[in-house]
Every structure is written in structure tokens, then in C-alpha cells.
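The values are calculated or read from the model by the stated rules, or taken from the named source; none is laboratory data. What you see is a predicted model; the values in this text were computed from it and never measured. Cβ placement follows ideal geometry from the backbone for every residue including glycine, while neighbour counts extend to all protein chains displayed. What goes into the accessible areas is simple: the full protein's heavy atoms, side chains included, and nothing from ligands, DNA or RNA. Shrake-Rupley method; radii C 1.70, N 1.55, O 1.52, S 1.80 Å.
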There are 2 protein chains.
Amino acid sequence: MPDKQFSALNYDDPMVARILDAGEQCIHRFGIRRTSMGEVARVGKLSRGSIYRYFSAKEALVEGIIRRRQEAFLNRTEALLEKETRLVDKLTLAVLAGRKDMQEGIFAALAEVEPETLAMMFLDPRFYHRSVSFWPPHVRLAQEAGEVAAALDVVFVTDFIVRLAVSLVMFPTIEVDLRSRKSLHAYLQQALRMGLGENGL
Amino acid sequence: MPDKQFSALNYDDPMVARILDAGEQCIHRFGIRRTSMGEVARVGKLSRGSIYRYFSAKEALVEGIIRRRQEAFLNRTEALLEKETRLVDKLTLAVLAGRKDMQEGIFAALAEVEPETLAMMFLDPRFYHRSVSFWPPHVRLAQEAGEVAAALDVVFVTDFIVRLAVSLVMFPTIEVDLRSRKSLHAYLQQALRMGLGENGL
DNA sequence: AAATGTACAAAAAGTGATTATTGTTCATTA
DNA sequence: TAATGAACAATAATCACTTTTTGTACATTT
């Protein structure tokens with residue numbers, strides 16, 4: 001379940017969907033700065049006032065667009081992971097999917113037009129928190145399977161996984177070249193070394 | 001040994017030092033954008049032309065200032081770590097030192113005046129690479145001491161450590177509150193055991 | 001009820017002339 | 001030999017001004 005800190009958006013509401021669609025299209029074409037509420041209204045074929053019924057301000061609209069994108073990504077990834085059982089494999093897929101999303105979605109557009117905005121987004125703790133909500137169930141499953149030590153705190157493992165995954169999405173290679181699926185998988189395998197954690201000190 | 005990709009700066013050269021000092025002072029007070037070469041010259045009590053003898057452009061000067069800061073940090077940290085033998089303890093101290101540097105140095109000033117610039121810096125791979133050069137010797141020592149599995153590639157361990165450390169400096173708490181030395185140490189202890197143990201698989 | 005369209009003040013963004021800064025050059029100074 | 005200071009075109013920042021956009025309100029439409 002996603003964050004509820006901000007207004008809970010109903011993506012199924014056709015009005016909400018239309019606004020978000022139009023907004024995303026605008027951002028994709030012009031970037032955030034050069035997108036006006038009037039333009040969003042024009043593209044979405046609705047009145048400017050209606051947008052304000054659903055989004056208190058432009059900032060909230062942008063937040064909504066990004067959030068929907070992220071949640072859509074998480075849902076797609078969730079489906080993608082169903083075929084996998086091991087946490088390492090899931091993580092590998094998730095990182096690869098994350099990179100792909102960065103390279104072609106709205107993020108890629110932002111990276112070209114407003115790199116500073118994108119950079120700020122990545123340093124926003126909320127960006128992490130949204131990713132965090134994804135993992136606990138998988139961690140628990142991995143614990144039941146004995147892949148992750150039962151003694152470990154789910155919150156700790158989740159935190160650890162998210163730090164690693166986000167880092168790997170944003171920097172495919174620091175010292176080790178982790179652009180290929182194979183090298184990434186090997187890296188994560190080693191980094192997790194699940195099944196241990198029990199032993200040693 | 002720091003990067004050599006850019007011009008090798010001799011920090012002992014009194015002229016270089018004066019320029020960097022003046023530049024850093026200016027950035028600290030006005031931020032990067034509002035710092036002019038003329039102002040740097042005035043503060044450093046030297047001619048504008050002299051700055052260009054040592055730095056090809058304003059960008060290079062800024063690069064030099066940041067680099068010196070980072071290297072000074074690494075040197076201080078290196079000294080700090082001499083008392084420690086275990087890698088976990090070293091990492092803990094390094095992360096704490098890094099956070100402190102962020103909160104009070106030139107970075108704190110930038111965070112207030114030009115957060116986007118700071119965000120861009122953090123996403124610059126060079127920022128990571130400079131940190132990377134620090135760890136290999138410590139990793140080797142840890143391997144000799146049996147703390148890190150001898151079979152592991154030093155490059156892998158370094159990459160892993162840097163990702164984790166940078167993440168922990170930039171985000172003191174994602175899911176787990178790691179602001180205190182105690183909790184940070186426990187976290188790293190577990191994270192290293194997870195990633196760098198002999199056992200498992 | 002919910003979406004629209006118009007109107008409105010306040011805030012933000014664009015505009016174009018003016019000023020400051022950049023990066024180079026070179027003769028002068030120490 | 002190295003730093004200086006002045007001159008310079010090209011670029012970038014600044015300022016006062018105009019236009020656009022924002023967010024709100026409310027009467028009107030569907």
C-alpha cells in the first residue's frame with residue numbers, strides 16, 4: 001500500500017486520470033517549469049478550475065504525476081517478480097526494471113530538460129520511502145524460505161535493500177561495472193549472501 | 001592518491017592556496033552562482049589574471065575548491081581511523097565524520113543557498129570515485145585480519161562499502177533511524193556481515 | 001453535484017536595454 | 001619568471017517593465 005501522507009488519489013476516477021495523463025504529457029514535452037495549468041487543461045480538454053478541485057496546486061499535481069509513475073512502476077515490478085522466488089533474483093530484476101524506467105520514461109525527459117529538478121527528487125526522502133513499502137512482504141517470504149536469517153529485523157533488511165537498490169539504479173557502475181544482468185546478479189548475490197546473518201558474531 | 005584526471009593541483013603552492021582559500025570563503029558566503037572571479041581576487045588580494053594562470057575557468061576553480069575540501073576530509077578521516085582496527089569501526093567513524101562535514105562545511109552553506117547545485121554534485125560519479133580511492137588499503141588490512149573473506153575482490157568490497165557509506169551519509173534515516181553512533185554501528189555490523197562474510201552459499 | 005467559464009489580485013515568468021562578468025591578450029611592474 | 005593591471009569582445013547577470021500564470025471566488029451550465 002502506497003503512502004497516505006499526501007492526499008489519497010483515486011487513479012480510477014476518470015477526471016483524475018485525465019488530469020494526470022495531460023499533466024504527464026505536458027511534463028514529458030516541456031518539462032515541469034514550462035508546463036502551465038492552462039496548458040494541462042487544454043491538453044486534457046477540461047477547465048483549469050477542475051484541476052484545482054483535485055490538486056491544490058501545481059506542486060501537488062506534479063507530486064501526483066510522479067507518484068502515479070512510481071506506483072505504476074512498483075505494480076509492474078511486483079508482477080514481474082511473481083515468477084521469481086529468490087530475493088537475489090527479485091532484486092536483480094527490480095534494479096534492471098528501475099534503470100529501464102529511468103532511461104525511457106518521464107525521468108529521461110526530465111533529465112534532459114531539468115536535471116537539477118531530477119537530482120532534487122532523488123535526494124527527497126519521500127522517493128526512498130515509496131520504494132521501501134515494496135519490499136517487506138518479499139523479505140518475509142525470503143525469511144520463511146530460509147534465504148534470509150529469521151533473526152533479522154525485516155525493517156533493517158528492507159532499509160539495507162533499498163539503499164543498495166537505489167544506489168545501483170542511479171549508478172550502474174562506480175568501481176565495478178554492473179550494467180549487465182549477469183554482473184549485477186553476481187554483485188547482489190555477494191552483497192546479500194543471504195542465508196547467513198545467523199552465523200558469526 | 002587522489003584523481004589525476006583533472007589538472008594536478010599543488011595545495012602547498014602559496015598562490016594556489018590563496019586562491020582556493022579566497023574562493024572557498026566567497027562560496028561559503030554567497031554561494032557559487034553569486035561568486036565572481038573579481039570578488040575572489042579581491043578577497044585573496046591578488047589579480048584576476050593570476051587566478052586564470054592556475055585555473056582555466058571558474059568551473060575549474062570550483063572543482064578545485066570542492067576537491068581540496070574532499071581530500072582534506074579524507075586526510076582527516078584517515079588520521080581518525082588510525083586508532084581503529086576493525087573495518088566496521090572505521091566505516092562507522094567515516095560515516096559520522098562525513099555527516100559532520102556536510103552539516104557545517106561549505107556543503108551546508110551550499111545546501112541553503114543552492115540546493116540544486118549540491119544535489120547535482122551528489123549525483124556526479126566523480127564524487128563517488130574520489131571516495132572510492134580511500135578504502136582499498138583498509139579492505140586489504142581487513143582481509144589480512146580475517147574480518148573480510150580473503151576470496152573477495154577488493155574492488156567489489158570497495159564498491160559495496162562506498163555505496164553504503166554515501167547512502168548513510170546522505171540519508172541518516174530511511175526506515176531505520178541511524179543517527180546515533182550506536183545504531184549506525186550495529187547497522188553496519190549487520191550489513192557487513194551480510195555482504196562480506198565467508199559463509200553462506 | 002460536478003464541471004465550466006469568467007473575473008480577479010498576487011506571484012511568477014518573460015522581455016529587452018543596461019550593466020557586470022568572463023576569459024584572453026599583452027604591455028608593465030616587482 | 002611570475003604577478004599585475006588595463007583593455008577587450010563575448011557571454012551572462014541584472015533591472016524595470018510587461019505579460020503570463022497562479023490560485024481563489026462565484027455565478028452559470030450540464
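All but one of (1) within 22 Å of residue A:108 (Cβ to Cβ); (2) open to solvent by less than 40 Å² (accessible area, probe 1.4 Å); (3) within 8 Å of DNA strand C (Cβ to nearest atom) hold for residue A:46; state the number of the condition that does not hold.
The number of the failed condition is (1).
Quick check on my filter: what residues within segment B:49-66 are under 30 Å from residue B:94 (Cβ atoms) and either surrounded by fewer than 19 Cβ atoms within 10 Å (Cβ to Cβ) or near DNA strand C (Cβ under 9 Å from one of its atoms) (or both)?
Residues satisfying the conditions are B:55, B:59, B:60, B:61, B:62, B:63.
Checking residue A:193 against (1) under 19 Å from residue B:161 (Cα atoms); (2) within 22 Å of the chain's Cα centre (by Cα), which single condition isn't satisfied?
(2)
Within segment B:152-190, can you find the residues that are in contact (Cβ under 8 Å) with a residue 60 or more places away in the chain and open to solvent by 60 Å² or more (accessible area, probe 1.4 Å)?
The one that is in contact (Cβ under 8 Å) with a residue 60 or more places away in the chain and open to solvent by 60 Å² or more (accessible area, probe 1.4 Å): B:181.
Considering (1) surrounded by fewer than 16 Cβ atoms within 10 Å (Cβ to Cβ); (2) facing another protein chain (nearest Cβ under 8 Å); (3) touching a helix residue (DSSP H, G or I) at 6+ places or on another chain (Cβ under 8 Å), say which one residue A:129 fails and leave the rest.
(3)
So residue B:131 clears everything in (1) closer than 21 Å to residue A:175 by Cβ; (2) under 12 Å from the mean Cα position of the chain (by Cα); (3) free of Cβ contacts under 8 Å to residues at least 40 places away in the same chain except one condition, right? Which one?
It is condition (3) that residue B:131 fails.
Out of all the residues in segment A:36-59, which are over 22 Å from the mean Cα position of the chain (by Cα) and in a loop (DSSP other than H, G, I, E, B)?
Selection gives A:36, A:45, A:46, A:47, A:56, A:57.
Where in segment A:60-153 are there helices (runs of 4 or more DSSP H), lying wholly inside it, with at least 3 residues that are closer than 24 Å to residue A:185 by Cβ and at pLDDT 90 or above?
Output list reads A:87-104, A:136-144.
Which of the residues spanning segment B:15-35 are at pLDDT 95 or above, in a helix (DSSP H, G or I) and within 13 Å of DNA strand D (Cβ to nearest atom)?
Residues satisfying the conditions are B:15, B:16, B:17, B:18, B:19, B:22.
Matching residues to (1) surrounded by fewer than 18 Cβ atoms within 10 Å (Cβ to Cβ); (2) β-branched (Val, Ile, Thr):
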| site | (1), (2) |
| --- | --- |
| B:73 | no, no |
| B:118 | no, no |
| B:139 | no, yes |
| B:150 | yes, no |
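Kindly list, by first and then second residue, each pair from a residue in segment A:46-57 that is under 13 Å from residue A:23 (Cα atoms) to a residue that is near DNA strand D (Cβ under 6 Å from one of its atoms), limited to pairs with Cβ atoms under 6 Å and residues at least 6 apart or on different chains.
Matching pairs, first to second residue: A:48/A:37; A:48/A:38; A:51/A:37.
For residues that are of a type in the set (Lys, Arg) and more than 8 Å from DNA strand D (Cβ to nearest atom), tally how many sit in segment B:36-52.
Count: 1.
Report whether or not residue A:163 is within 9 Å of another protein chain (Cβ to nearest Cβ), among the basic types (Lys, Arg) and more than 30 Å from residue A:35 (Cα to Cα).
When the stated conditions are applied, residue A:163 passes them.
Could you identify the single residue in A:83, A:182 that is basic (Lys, Arg) and under 27 Å from residue B:123 (Cβ atoms)?
Unique residue meeting the criteria: A:182.
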